[in-house]
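The values are calculated or read from the model by the stated rules, or taken from the named source; none is laboratory data. No experiment lies behind these values; they were computed from the predicted model shown. Note that we place each Cβ from the backbone using ideal geometry, even for glycine, and neighbour counts take in every protein chain shown. In case anyone asks, the SASA skips ligands and DNA or RNA and just uses the protein heavy atoms, side chains included. Shrake-Rupley method; radii C 1.70, N 1.55, O 1.52, S 1.80 Å.
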There are 2 protein chains.
Amino acid sequence: MTSLVRSVSESTVRRLSLYLRTLERLQAEGAETVASGDLADRAGTTAAQVRKDLSSFGSFGTRGLGYRVGPLHARIREILGLTRPWRVVLVGAGRIGSALFAYPHFRERGFRIEAILDSDPAKIGGVWEGVTIQSAAHLEQVLARAEAEILILAVPAGAAQELAERAAAAGVRGILNFAPVRLRLPDEVEVNNVNLAVELEALSHALVLAEVQG
Amino acid sequence: MTSLVRSVSESTVRRLSLYLRTLERLQAEGAETVASGDLADRAGTTAAQVRKDLSSFGSFGTRGLGYRVGPLHARIREILGLTRPWRVVLVGAGRIGSALFAYPHFRERGFRIEAILDSDPAKIGGVWEGVTIQSAAHLEQVLARAEAEILILAVPAGAAQELAERAAAAGVRGILNFAPVRLRLPDEVEVNNVNLAVELEALSHALVLAEVQG
DNA sequence: GCTGGCTTGTGAAAATCTTCACAAGCCAAG
DNA sequence: CTTGGCTTGTGAAGATTTTCACAAGCCAGC
């Protein structure tokens, strides 16, 4: 049996996520179909790029008409692994952790934060929307009980590596890492790093460049 | 006069930011020099990549020895535009805004959040570390008074476009956008989008792929 | 049923990015 | 001063990504 989900490039995957959001907006507007050019404009890319991206997992469009919004939305959800819920544990109940816990788009997409951990005694025992903050010392037990597949790591740089290693050993399969360090983990653990300083610095670089070049 | 800051690819810029952080760690460890291989290991790339990245803005290394940590650090700061402070205004005093305001790495790098705005009357008038939250209705005046160059946009998707347009018209040069929408703005305004849902969805895609492919 | 106007899907070309491989060169030791 | 061991800088090769351009094909209207 050939897989329903083929390998797609990293940049294509990220664009698919943008297309998904755009398609939801189109659905809300009642659109039945959308042409690659329209989807591209709304998602900030080009028509050719959209068609290439979509063609990498089969023909979904109709010539002369475009893509049917509903089926395309369903197919992208499938590609991105969003047709089933994911069990997530959040480590770090600081400000970033708090923002992520409350981020509505995560739960909309089926990412369920089953538990919250922190190492600060002042935070342990606190309750966020019915979820009690537990001690990070119990990481392994919490992960096992929750059968967590994904860890969101929102802790200071100094604590990240150790917690990530323990989570990996406890069987977590993917980590979304907000700590500004490169985690060294076994290859079978997927890591996606989000570094806010990098984002701001990329912006300041662009501004300096614009100054110099006009 | 040739520019001190040449055009470098987007991915190189992002890696430079990682190198910068690594160099700071090396400085703290008291290292005088670092070889491309070592820098690569710590930053999560390859020695050849490091050398290519660095060679794009001049020869800085010494054969047989490596790169001198201090001067390289200084040069990368210059490339990234971090040798002078940036005046930043934060729009959105929700959870993400709160996390960004408190994020220590921003102020360490010279990004100064001069003002905070929100449109929620319940938040306006509140004070965060001495900064009073003002009404988003006064966006233009606040930007002008602060002489803000960068806007951090941490508002719901529905409010982002209008605020971004107003900020652009008021002369902001760069926007770090956390709202999950594509902003349509004049070309001279630099926009860097951070979409947390994309990050988590890229991770879930990778996990599904790993399941299917072994 | 035929025609005209769109739009897809996709090979090929172009552009970009990464890796390779090695000459050039520096330092330290003797 | 010379030798040996490293490491840079960089053209060239390789890989990947994006853009181009157009044949193929669908729909609506007549």
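At a Förster radius of 25 Å, what calculated FRET efficiency corresponds to the Cβ-Cβ distance of A:T46 and B:S56, to the nearest 0.05?
Details: r = 27 Å, r/R0 = 1.07.
E(calc), rounded to 0.05, equals 0.40.
Ratio of Rg to Rh for the protein assembly as shown: 0.96 [Cα atoms; Kirkwood radius as inverse mean 1/r over pairs].
Return the FRET efficiency for the residue pair A:A122, A:A169: r is the Cβ-Cβ distance, R0 is 41 Å, and the value is rounded to the nearest 0.05.
Numbers: r = 28 Å, r/R0 = 0.68.
Here the calculated transfer efficiency is 0.90.
Carbon and sulfur atoms: what percent of the 1.4 Å accessible area of the range A:10-79 do they account for? Mind showing how you got there, number by number?
On the way: 1590 of 3410 Å².
Accessible surface attributable to carbon and sulfur in the range A:10-79 totals 47 percent.
Normalise the Debye intensity by I(0) for the range A:68-131, one equal point scatterer per Cα, no solvent, then take log10 at q = 0.20, 0.26, 0.27 Å⁻¹ and round to two decimals. Here the Debye-derived log intensity ratios amount to -0.79, -1.10, -1.16. What longest range of chain A stays clear of loop-exposed GluC sites (Glu not before Pro) (DSSP non-H/G/I/E/B, at most 14 other C-beta within 10 angstrom)? So the longest stretch without any such site is A:33-128. Here is the list for the range B:1-101: trypsin sites (Lys or Arg not before Pro) lying in DSSP coil, each with at most 11 other C-beta atoms within 10 angstrom of its C-beta, are B:R63. Here each label is just a point 7 Å from Cα along the line to Cβ, and for B:A31 and A:R68 those points are 5.7 nm apart. With the simple spin-label model, which puts each label point 7 Å out from Cα in the Cβ direction, the B:E140 to A:T132 separation comes to 5.4 nm.
For the range B:10-79, compute Rh as the Kirkwood radius over C-alpha pairs and then the Stokes-Einstein diffusion coefficient at 10 °C and 1.306 mPa s; write the answer in µm²/s, rounded to an integer. Intermediate results must be reported in sequence, preceding the final value.
Details: Rh = 11.7 Å.
Answer, rounded: 136 µm²/s.
Accessible surface computed residue by residue for the protein assembly as shown, with neighbouring protein chains in place and a 1.4 Å probe, gives 45 Å² per residue.
Which helices pass in chain B if a helix is a full DSSP H run, must span at least 27 angstrom along its long axis by Cα, and must have mean Kyte-Doolittle hydropathy not below -1.0? Write down the numbers at each step before the final one.
Working: long enough: B:10-28 (28 Å, -0.41).
Length and hydropathy pass: B:10-28.
Under the classification rounded if a/c is under 1.5, otherwise prolate if a/b is larger than b/c and oblate if not, where does chain B fall, given a ≥ b ≥ c as square roots of the Cα gyration tensor eigenvalues? Since a/c reaches 1.5 and a/b is larger than b/c, the shape of chain B is classed as prolate. Taking all protein chains as shown and a probe of 1.4 angstrom, B:K123 keeps an accessible surface of around 70 Å². Taken about its Cα centre, the protein assembly as shown carries a charge dipole of about 600 debye when Lys and Arg each add +1 at the Cβ and Asp and Glu each add -1 at the Cβ. Here's how it looks for B:W86: its modeled amide H is under 5 Å from those of B:F111, B:R112, which are all 5 or more places away or on a different chain. Among beta bridges from DSSP that stay inside chain A, the antiparallel ones total about 20%.
The mean number of partner chain beta-carbon atoms within 10 angstrom of a residue's beta-carbon across peptide A:186-195 is 4.
How many square angstrom of accessible surface are buried between A and B, both sides summed, with a 1.4 Å probe and rounding to 100?
Numbers: alone 12750 and 12760 Å², together 19430 Å².
Chains A and B together bury approximately 6100 Å².
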